[in-house]
Amino acid sequence: MLTKKVAVVHEWLVTFAGSESVVEQILALYPQSDLFTLVDFLPESQRPLIQHKTAVTSFIQKLPWAKKKYRTYLPLMPLAVEQFDLSAYDVILSSSHAVAKGVLTGPNQLHICYCHSPMRYAWDLYHQYLNESGLKTGLSGLIAKLILHYIRLWDYQSAQRVDYFVANSRYIARRIRKVYGRAADVIYPPVDTELFTLGSQKEDYYLTASRMVPYKKINLIVEAFATMPDKRLVVVGDGPDYEKIKRLATPNIELVGYQSDDALVSYMQKAKAFIFAAEEDFGITPVEAQACGTPVLAFGKGGVLESVIDQTTGLFFDRQDVGSLAECVQRFEKTADRFDPAVIHQHAQQFSHANFRRQFDQYVTAKVTEWSATR
């Protein structure tokens, strides 16, 4: 049991996704800790997940339209996160994919950052972000480039304040080394393997599930299955690209929109395979599918290479294009009987909530002991 005074820092609490699940498990480990976040608009129904804590928020919380447009205040976020007074705490645990790691700490404080990713739109996705946002040229483009240049300088400098980095995959550990010049240990993020349980009886459909935004490549999956009219695809999720993707769908493709957790579990348990075409930092949904005993057909790049075993719990395709994905589906059709749902399910158990808590607590305890001995 950690006896030091602990602060937990996270970018924002607006919806509950993968990074918030990490915060949930950290708070479950250290319920005595205090929570800091730039904005907190988490619905009342989800507050049990953060131990019903009242978070300390930044001045961005009170700015106009912050609830819906908090991301537009990115230029103010470095300033905002540096205003948190953490001087009363011994240990700071930040959960960061943007600015949370940038809090100010003193020489007698230990700061461990669980990094989901360096800020991708400021670094390796910089040009893609400008193109997709229509900010490549013009005055607005110039302003955006200047802001992101400043953000990059601050992002690198603030990363040097962290005592220890923990990455959510070896893939992200390499990015941390590339961008920040820092080493990172790896602890895989928690997946709710108690919710996503084994389903041995498979039906004749493929499944994908995601928020419909460009980098998730749901359009690619739909386009690929449009070329395979004898293969049924079910698409779970909604988002900005929903209508555009709906227009691509052929009669063998069913878009069912947002689904409850129970319905998603049922779809995953019965699917013959789960399709994943994004390049993700880790990728929670492929692990959820494997926990249901469902093999994963995935684009072979990013964190999924660490969560899916080729030929045992899934198959990889080499390129993010229709032909490569369609070829992977055809390979799977020929070897589908080799994939054992029980083996796939068992593989996913290493990513459980309990395993994350055990590994993270051991890591923090070891670093606190090491740090205390040098004081």
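Each principal axis of the Cα atoms in the chain has its own extent, and those three values, largest first, are 63, 53, 39 angstrom.
Each residue of region 86-91 was assigned a 3J(HN,Hα) from its phi angle through the Karplus expression (A = 6.51, B = -1.76, C = 1.60, θ = phi - 60°), giving 9, 5, 7, 10, 7, 10 Hz with x at Gly and Pro.
Note on R247 and L195: the extension gain reaches 15.4 nm, defined as 0.36 nm multiplied by sequence separation minus the Cα-Cα distance.
Put simply, the C-alpha atoms of region 215-292 give a gyration tensor, and the ellipsoid matching it has half-axes of 19, 15, 13 Å, longest first.
Computed extension gain for E203 through S87, at 0.36 nm per residue and net of the alpha carbon distance, reaches 36.1 nm.
Past 32 Å, Cα to Cα, is the threshold; run K69/K270; K178/K246; K68/K202; K244/K272; K53/K217; K270/K301 against it and keep the listed order.
On the way: K69/K270 38 Å; K178/K246 38 Å; K68/K202 40 Å; K244/K272 26 Å; K53/K217 36 Å; K270/K301 26 Å.
Where the Cα-Cα span goes over 32 Å, the pairs concerned are K69/K270; K178/K246; K68/K202; K53/K217.
Close amide H pairs (under 5 Å, H built 1.01 Å from N) link V296 with F274, G314, L315, residues at least 5 positions away or on another chain. Across all directions, the shadow cast by the convex hull of region 1-127 built on its C-alpha atoms averages 8.1 square nanometres. Once Rg and the Kirkwood radius are both taken over the C-alpha atoms of region 148-225, their ratio Rg/Rh works out to 1.14.
The slack between Q362 and Q160, meaning 0.36 nm per residue of separation minus the straight C-alpha distance, is 70.4 nm. Using the Cβ-Cβ distance between S266 and L153 with R0 set to 56 Å, the FRET efficiency works out to roughly 0.70.
The convex hull of the Cα atoms of region 52-166, projected and averaged over all directions, covers 8.4 nm². For region 104-173, the alpha carbon positions stretch 47, 27, 11 Å along the principal axes, listed from largest to smallest. Rounded to whole numbers, the Karplus 3J(HN,Hα) couplings from phi for region 113-122 are 10, 8, 9, 6, 4, x, 5, 5, 6, 9 Hz, using 6.51 cos²θ - 1.76 cosθ + 1.60 with θ = phi - 60°, and x at Gly and Pro.
All distinct Cα pairs of region 173-264 go into the 1/r average, and the inverse of that average, the Kirkwood radius, is 15.7 Å. The string of couplings for region 279-288 from the Karplus curve (6.51, -1.76, 1.60, θ = phi - 60°) is 9, 9, 5, 9, x, 6, 4, x, 6, 4 Hz, one whole number per residue in order, with x for Gly and Pro.
Equivalent ellipsoid of region 254-296: semi-axes from √(5λ) of the C-alpha gyration tensor, largest first, are 17, 13, 10 Å. Rounded to the nearest 10 degrees, the angle from helix 18-29 to the longest Cα principal axis of the chain is 50 degrees. Give me log10 I(q)/I(0) at q = 0.16, 0.20 Å⁻¹ for region 206-350, Debye formula, one equal scatterer per alpha-carbon, no solvent. The computed values of log10 I(q)/I(0) come out as -0.77, -1.27. Projecting the Cα atoms of F317, V222, I176 onto the charge dipole of the chain (Cβ charges, centred on the Cα centre) puts I176 farthest toward the positive pole. Residues whose amide H comes within less than 5 Å of that of V186, counting only those at least five positions distant or on another chain, are A167 (H built at 1.01 Å from N in the peptide plane). Placing unit charges on each Cβ (+1 for Lys and Arg, -1 for Asp and Glu) gives the chain a dipole about its Cα centre, and among P118, L207, Q83 the Cα reaching farthest toward its positive end belongs to Q83. Estimated from the Cβ-Cβ distance and a Förster radius of 25 angstrom, the FRET efficiency linking R211 and W65 is about 0.70.
When I50, I143, I187 are sorted by how many other C-beta atoms sit within 10 angstrom of their C-beta, beginning with the fewest, the order is I143, I187, I50.
Note on the chain: helix-only mean residue ellipticity at 222 nm, from DSSP H runs of 4+ residues weighted -39500 (n - 2.57) and normalised by residue number, equals -11500 deg cm²/dmol.
Values in this text are rule-based calculations from the coordinates and carry no lab data. Only a predicted model underlies this, so the values are computations on that prediction, with no experimental measurement involved. Heads up, the Cβs are rebuilt from the backbone with ideal geometry, glycines too, and the neighbour counts pull from every protein chain shown.
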